[in-house]
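Worksheet: one structure, shown below.
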Amino acid sequence: MRRRYTASQARLSVAELAARLIAEEGISSYQLAKQKAAERLGMKGRQHLPDNREIEAVLAQYQRLFQGQTQAQHLQTRRRTALAAMRFLSPFSPRLVGPVLSGTACEYTSVTLHVFTDTLEDIALILSEHGIPYKLEERRLRQNATTLMRYPCYRFIAGEVPVELVVFSLKEIHHPPLSPVDGKPMRRADRLTLEGMMDESSVTPPAGVYPSSF
């Protein structure tokens, strides 16, 4: 017999299951995670769907309760990878965004950096010069309530951590796209900010993981 939920119970149940799907199954999209959660719980209609801020809050709580040290290690590894990549890509003013910055990264999370240049080929050139295999893809990011923009995205692996570089023009460094979590301008962190977030002992990348230029 299908369980009956009040509206608040339904939202919380979807948020909890969506957080588990993100933490344990590697679903990166909050929208997809809550849709799958609603389907598994037998709920129909958008009235039962929590917003992304609710999911992020439940995800952080789930990670503290059930993943503890393991999640902290995955986060630290990704922040160290991000820092090394930001040093390597310093000519492009890299900025860290997403779960690695917010602290909810898990073993499935990519490091996402925003980089800035008016010559797209410069990114490909520096990766190729240092023997880093990459794939060129595309990311759609929301600029406002009605506009989605397409941005080139270079993906590669540093050690065992996937990294993606979303390429913006130079003039966009002060105009971040909207966050998929809260709809506000996306939080970006430069290298010095990231260094300040990390313990001094964690700043040096592990030996043998990165290209010599990192």
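The values are calculated or read from the model by the stated rules, or taken from the named source; none is laboratory data. What you see is a predicted model, and the numbers here were worked out from it, not measured in a lab. Every residue, glycine as well, gets a Cβ built from its backbone with ideal geometry; the counts of neighbours run over all protein chains shown. All accessible areas refer to the heavy atoms of the entire protein, side chains included, with ligands and DNA or RNA removed. Shrake-Rupley method; radii C 1.70, N 1.55, O 1.52, S 1.80 Å.
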**Item:** Single residue of region 150-166 satisfying the filter (of a type outside the set (Val, Ile, Thr) and open to solvent by 80 Å² or more (accessible area, probe 1.4 Å)) that is modelled with the highest pLDDT
**Value:** 150
**Request:** For region 24-46, state whether one or more residues are in contact with a Gly (Cβ under 9 Å, 6 or more places away or on another chain), in a loop (DSSP other than H, G, I, E, B), at pLDDT below 90 and not polar (S, T, N, Q).
**Result:** no
**Message:** Can you tell me which of (1) over 22 Å from residue 26 (Cα atoms); (2) in a strand (DSSP E or B); (3) touching a helix residue (DSSP H, G or I) at 6+ places or on another chain (Cβ under 8 Å) is the one residue 122 doesn't meet?
**Reply:** (2)
**Prompt:** Looking at (1) at pLDDT below 95; (2) within 21 Å of the chain's Cα centre (by Cα); (3) not small (Gly, Ala, Ser), can you tell me which one residue 211 breaks?
**Reply:** (2)
**Request:** Could you check, for region 189-199, whether at least one of its residues is over 30 Å from residue 149 (Cβ atoms), at pLDDT below 90, out of contact with any Gly (no Cβ under 6 Å at 6 or more places or on another chain) and open to solvent by 50 Å² or more (accessible area, probe 1.4 Å)?
**Result:** yes
**Fill in**
Residue pairs qualifying under the 7 Å Cβ cut-off, at least six apart or on distinct chains, with the first in region 61-81 being more than 27 Å from residue 95 (Cβ to Cβ) and the second being modelled with pLDDT under 90 and open to solvent by 30 Å² or more (accessible area, probe 1.4 Å), are none
**Request:** Kindly check whether there is at least one residue in region 101-116 that is over 29 Å from residue 70 (Cα atoms), open to solvent by 60 Å² or more (accessible area, probe 1.4 Å), in a loop (DSSP other than H, G, I, E, B) and not hydroxyl-bearing (Ser, Thr, Tyr).
**Result:** no
**Message:** Just to be sure I understand, how many residues within region 125-151 are part of a loop (DSSP other than H, G, I, E, B) and free of Cβ contacts under 8 Å to residues at least 40 places away in the same chain?
**Reply:** 7
**Test: residue 172 is surrounded by 13 or more Cβ atoms within 10 Å (Cβ to Cβ), part of a helix (DSSP H, G or I) and of a type in the set (Asp, Glu)** = yes
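For every residue, the table says whether it meets (1) closer than 12 Å to residue 18 by Cα; (2) open to solvent by 30 Å² or more (accessible area, probe 1.4 Å).
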{"residue": "44", "(1), (2)": "no, yes"}
{"residue": "52", "(1), (2)": "yes, no"}
{"residue": "59", "(1), (2)": "yes, no"}
{"residue": "62", "(1), (2)": "yes, yes"}
{"residue": "66", "(1), (2)": "no, yes"}
{"residue": "71", "(1), (2)": "no, no"}
{"residue": "74", "(1), (2)": "no, yes"}
{"residue": "81", "(1), (2)": "no, no"}
**Message:** When you scan region 91-100, do you find a residue that is surrounded by fewer than 19 Cβ atoms within 10 Å (Cβ to Cβ), in contact with a strand residue (DSSP E or B) (Cβ under 7 Å, 6 or more places away or on another chain) and in contact (Cβ under 8 Å) with a residue 12 or more places away in the chain, even just one?
**Reply:** yes
